[in-house]
């Protein structure tokens, strides 16, 4: 069956069948939308996108195997005009910024899907971007921040686990003085008062997870 140009063809990518079922129900009730495919991981998302060439892709970030961010990058490398909406439970500005830098057009928290999904799909299909105001504010607050390096994020994650500098040095196979230097940089970049404060900020912004 051929669909007219007014039909928005959608690919839903999430590893939770219940969420995909909910999306199918929402989309199924709209005359201008059609769910053409579903995927449960990043690898499958890439394959389904190439097979169906959807107008809009709904992409979870937390996926088994190839994660959502990697899938976004893969798809946009070959299909730069792809319109991707990120669906996630993450509220941290770091994840939002990474997704948008990768090329995502919009960002919806899963808890808001029922009231924001349909409008966001139409906005993105029309060629515009959509970021919730509270998340946009969070992004603006940290736009000038220095990003933590991969190693600094590793150190922060180990700090969150209650490890001393010596234990962190042993685990990462680096000198204890190097760990201290990383901690100093972390505190400065996050404007944190101490290690505990740095962990709190890291969790809030999505830099680390426990």
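For segment 60-70, does any single residue satisfy the condition of being over 16 Å from residue 14 (Cα atoms) and outside the structural domain of residue 201 (by TED's automatic domain parsing)? The answer is no; no qualifying residue exists. Out of 4, 65, 111, which single residue is modelled with pLDDT under 90 and either in a strand (DSSP E or B) or farther than 27 Å from residue 206 by Cβ (or both)? So the residue among 4, 65, 111 that is modelled with pLDDT under 90 and either in a strand (DSSP E or B) or farther than 27 Å from residue 206 by Cβ (or both) is 4.
Here residue 56 fits the description: over 9 Å from the mean Cα position of the chain (by Cα) and touching a residue at least 12 places away in the same chain (Cβ under 8 Å). Of note, residue 28 satisfies the criterion of being surrounded by fewer than 17 Cβ atoms within 10 Å (Cβ to Cβ) and within 18 Å of residue 116 (Cβ to Cβ). Could you tell me whether any residue of segment 161-182 is within 30 Å of residue 109 (Cβ to Cβ) and assigned to a helix (DSSP H, G or I)? No, that holds for no residue. If you take the residues in segment 79-90 that are more than 19 Å from residue 37 (Cα to Cα) and surrounded by fewer than 17 Cβ atoms within 10 Å (Cβ to Cβ), which one is farthest from the chain's Cα centre (by Cα)? Out of the qualifying residues, it is 80.
Kindly indicate the residue of segment 48-62 that is outside any loop (DSSP other than H, G, I, E, B) and in contact with a helix residue (DSSP H, G or I) (Cβ under 7 Å, 6 or more places away or on another chain) and also modelled with the lowest pLDDT among those meeting that condition. Applying the filter and picking the extreme gives 60. Within the set 45, 12, the sole residue that is under 20 Å from the mean Cα position of the chain (by Cα), farther than 24 Å from residue 147 by Cα, modelled with pLDDT of 95 or more and not in a strand (DSSP E or B) turns out to be 45. Can you run down the residue pairs with Cβ atoms below 8 Å, 6 or more apart or on separate chains, where the first is in segment 23-43 and farther than 22 Å from residue 111 by Cβ and the partner is in a loop (DSSP other than H, G, I, E, B) and modelled with pLDDT of 95 or more? Cβ pairs passing all conditions: 36/54; 37/54. Once segment 114-131 is narrowed to residues that are part of a helix (DSSP H, G or I) and in contact with a strand residue (DSSP E or B) (Cβ under 6 Å, 6 or more places away or on another chain), the residue that is farthest from residue 72 (Cα to Cα) is 116.
The values are calculated or read from the model by the stated rules, or taken from the named source; none is laboratory data. Small disclaimer: the values here were computed from a predicted structure and weren't measured. Methodologically, a virtual Cβ is constructed for each residue, glycine included, from the backbone with ideal geometry; neighbour enumeration extends over all protein chains shown.
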